[in-house]
Amino acid sequence: MTTPTTTLGFGRGYDERQPVIVLLDTSASMARPAARPRIAELNRALADWFGSVRSQDRLRARVEVCLIAFDSAVRVFQPDTGALVPGTPAADARLFAPIDRLTPPELHADGYTNLLPAIRLALELAARRHRELTDQGLPALRPLIWLLTDGAPTDGAGRALAAAELADDAALLRRAEEQRECVFFVVGVRGADRAVLEVLAPKATYMLEQLDFGEILQFLFHSVDQVHPGDTAASTHQQVARQVAMRAAFAGFIEDQL
């Protein structure tokens, strides 16, 4: 009988599974600047990054990825069809796939930054995937949820949300972390509103404006190795924060040499 791990395409000898959900901002601001649109840079970085990670045995064998894109609407990537489809709670486990099964979609920038529905979908998918892996008898680390954005949350009509309007979703995130359902991180790039984003991730909002998208994606997935089964969300945040500080210091050193 074929096991679930074989059908997913994971390498042998690596039983541990690490679900990772990446929330990608594809709002209209990502089409700027006109001479070098951030969305084009992100598309190139995604393609290059998937290629490089496939060569890393440990990550290729452990990590399964779910991609969610959000602008005015929320869409989730279907690896089987290669399409971004409307994100709904009814989406199934096939939204998670090992690196070898993923060819990233071509992203286009348009619309507003309707982030909160994307976070709620990510929380539902993370909790469900962790249960599914556990039910299959596979050792599953708590899912990581990474948000990459260049702005600040809006509602579906484009109205900027005040910090107080994020309180309910921030509480959902903290509760999910306390119940070991996920660990949540935010990466802000050029133009991101740090003060607002820190409401959602007070101890895990990183402004990586000095790094390009390729470097950010490499940082994101190398941080997977900072997660250990017995760690709390707080200890995971601390370990990743140390990694961010080292990378920032290194980037500053390189800039000083130029």
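Which values, in whole Å and largest first, are the semi-axes of the equivalent ellipsoid of the range 100-145 obtained as the square root of 5 times each eigenvalue of the Cα gyration tensor?
So the three semi-axes of the range 100-145 are 27, 16, 7 Å.
I'd like the carbon and sulfur percentage of the solvent accessible area for the range 14-170, probe radius 1.4 Å, heavy atoms only, ligands and nucleic acids excluded. Present the calculation step by step, with values, prior to reporting the outcome.
Details: 3250 of 6180 Å².
Carbon and sulfur together cover 53 percent of it.
Taking H as built 1.01 Å from N, whose amide H comes closer than 5 Å to the amide H of A152, not counting residues under 5 places away?
Excluding prolines and chain starts, which carry no amide H, the hits are D193.
Find out how many positive minus negative residues lie around R190, taking Lys and Arg as positive, Asp and Glu as negative, among other residues whose Cβ is under 10 Å from that of R190.
It works out to a net charge of 0.
The values are calculated or read from the model by the stated rules, or taken from the named source; none is laboratory data. Just so it is clear, the structure is predicted and the values come from calculations on it, not from any experiment. Heads up, the Cβs are rebuilt from the backbone with ideal geometry, glycines too, and the neighbour counts pull from every protein chain shown. When the accessible area is computed, the model is the full protein with side chains, heavy atoms only, and any ligands, DNA or RNA have been set aside. Shrake-Rupley method; radii C 1.70, N 1.55, O 1.52, S 1.80 Å.
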